[in-house]
Ligand code: FNR
């Protein structure tokens, strides 16, 4: 029988009232049967990347890598800054990919979503993340794409996601990520006769 798929959720904003952190918290609550989302909440503790520091991995980086490795898959929830991925998120991705040959991201199934106050809903940032997945050899879920535009209208003052269509989209994404993660895991064991 299938166990529970463990997903590490990482939101790329440090802002207290972040829409992306709120979206990830909602996703955690909406996780379907057969999936559990753990939220990585220490992004702000990850120091600026410095290759000189790779020999003595900072604690926060070691903790991130351990959590990524313990997960079956990853869910990034990214804001869009200047048409791309926020520096704090890119920085954490860079750290956990190093030293060369010891990337924690290697082979992980991954899904993306994001919320923006603008009309494009983080599409550009999401595609920049997807480009990184190629080099990181992460297995990206193609669809559904969840781009939460005009976020200020979709969350209430307490950070609850009140827009039903967006809630449905996230549910669809989580269901697809569950299936995708299981398929990826199984494919690593399959022998083609
Ligand atoms: C933004 N914002 C923004 N929005 C967008 O749709 N495209 C963009 O390129 C940018 N660029 C940008 C740069 C910087 C430095 C900031 C601080 C903001 C607005 C962004 O969508 C908004 O601040 C969100 O609320 C950020 O996400 P969180 O913090 O709410 O999760």
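Every read-out reported here was derived from the displayed coordinates using simple, explicitly stated rules and does not represent laboratory data. Everything numeric in this text was worked out from a predicted model, so none of it was measured. Cβ coordinates were reconstructed from backbone atoms using ideal geometry, including for glycine residues, and neighbour counts include every protein chain displayed.
Name the residue, out of 122, 57, 78, whose mean-square fluctuation peaks in a Gaussian network model built on the chain with Cα pairs under 10 Å. In this elastic network of the chain, the residue with the biggest mean-square fluctuation among 122, 57, 78 is 57. Pop the C-beta distance of residue 189 and residue 70 into the FRET formula with R0 = 30 Å and round what comes out to the nearest 0.05. In this case the efficiency is close to 0.95. Using the Cβ-Cβ distance between residue 179 and residue 135 with R0 set to 30 Å, the FRET efficiency works out to roughly 0.75. Rounded to whole Å, the principal axis extents of the Cα atoms in the chain read 46, 44, 24, largest first.
The residue 42 and residue 16 beta-carbon pair, evaluated with R₀ = 22 Å, returns a calculated FRET efficiency of approximately 0.90. Relative contact order, whole percent, for the range 5-188 stands at 24, derived from Cα pairs under 8 Å and 6 or more residues apart. For a paramagnetic label modelled on residue 100 (point 7 Å from Cα along Cα→Cβ), amide N atoms under 20 Å away belong, within the range 44-69, to 49-58.
Our helix-only sum for the chain, with -39,500 (n - 2.57) per DSSP H run of n ≥ 4 divided by its residues, gives a mean residue ellipticity at 222 nm of -12000 deg cm²/dmol.
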